[in-house]
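The values are calculated or read from the model by the stated rules, or taken from the named source; none is laboratory data. What you see is a predicted model; the values in this text were computed from it and never measured. Glycine gets a Cβ as well: all are built from the backbone with ideal geometry, and neighbour counts include every protein chain shown.
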Amino acid sequence: MESLDDFGQYVSLHFAKQDIVGREKAFGCLTLTVLRAALVRTVSFLRDDAACRFTQLTDITAVHYPNRAEEFVLLYRLTSPMLNRRICLKMQTARDVAVASLGGVFPNAVWYEREIREMFGVSFENHPDLRRLLIDESVGGFPLRKDFPKAGKNKLSYDEKTESFVVSEKQPEPQKNLIALNLAGESE
């Protein structure tokens, strides 16, 4: 299986047509679009099959499309060092639908899934620990969603006396009248 097309066809033949709904190639990497229900089976097959040998989970990331019914796209990148190949699995999910955790297939998936949960709000089934990694539990919202305010909703500061984080509501700053300032010859 020298070409990416042959390899993509080989993988697709091991699954039902509805499990792998799309195949594309770009920059020397094959991308398979899989259904949420077939994710763990597909990743396990790619890891265990002798012709695939994708033994490293390189990355998991997400993209938020707020205007879609299934507003999150999750991207799973796998590497086969023995065969010098890369593959990307793409999967869509809705805001309130949990995705199966890959922690049982690749232990390092647990960390990536925690990060995606914290930044995007995507939930994972059978995940051992979905505590936040980077942001304090008291801070609400998911900062990498496109509907999250640019400046954030709250002000987070550290109180040295109590040795804890303090969350307070931001006070809106008065807007400058930039047109009047520019007409007066003043700079910003």
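For segment 129-150, how many residues are surrounded by 12 or more Cβ atoms within 10 Å (Cβ to Cβ) and modelled with pLDDT of 85 or more?
Final tally of qualifying residues: 6.
Just checking, which of K90, K25 is under 25 Å from R145 (Cα atoms) and touching a Gly at 6+ places or on another chain (Cβ under 8 Å)?
Within the list K90, K25, the selection yields K90.
For E24, only one of the following conditions fails: (1) surrounded by 15 or more Cβ atoms within 10 Å (Cβ to Cβ); (2) assigned to a strand (DSSP E or B). What is its number?
Going through (1) surrounded by 15 or more Cβ atoms within 10 Å (Cβ to Cβ); (2) assigned to a strand (DSSP E or B) one by one, E24 breaks only (1).
Go over the candidates F7, F15 one by one and state the one that is in contact (Cβ under 8 Å) with a residue 60 or more places away in the chain, over 19 Å from the mean Cα position of the chain (by Cα) and under 24 Å from F106 (Cα atoms).
F7
Mind counting the residues in segment 97-128 that are surrounded by fewer than 18 Cβ atoms within 10 Å (Cβ to Cβ) and in contact with a strand residue (DSSP E or B) (Cβ under 6 Å, 6 or more places away or on another chain)?
Result for segment 97-128: 3.
So, in segment 120-165, of the ones that are assigned to a loop (DSSP other than H, G, I, E, B) and of a type in the set (S, T, Y), which residue ends up nearest to F106 (Cα to Cα)?
Here the answer is S123.
Does segment 164-177 include one or more residues that are at pLDDT below 90, closer than 19 Å to A62 by Cα and among the basic types (K, R)?
So far as segment 164-177 goes, no, none of its residues is at pLDDT below 90, closer than 19 Å to A62 by Cα and among the basic types (K, R).
Across segment 56-80, which residue is surrounded by the fewest Cβ atoms within 10 Å (Cβ to Cβ) among those that are β-branched (V, I, T) and closer than 16 Å to L30 by Cα?
Result: T58.
Only one residue in V99, V73 is in contact with a helix residue (DSSP H, G or I) (Cβ under 7 Å, 6 or more places away or on another chain), aliphatic (A, V, I, L, M) and under 21 Å from D19 (Cα atoms). Which one?
On inspection, the qualifying residue turns out to be V99.
In the list R68, R86, which residue meets the criterion of being in a strand (DSSP E or B) and either over 23 Å from G22 (Cα atoms) or among the basic types (K, R) (or both)?
On inspection, the qualifying residue turns out to be R86.
Go through segment 45-65 residue by residue and tally those that are touching a residue at least 24 places away in the same chain (Cβ under 8 Å) and assigned to a helix (DSSP H, G or I).
Summing the residues that are touching a residue at least 24 places away in the same chain (Cβ under 8 Å) and assigned to a helix (DSSP H, G or I) in segment 45-65 gives 3.
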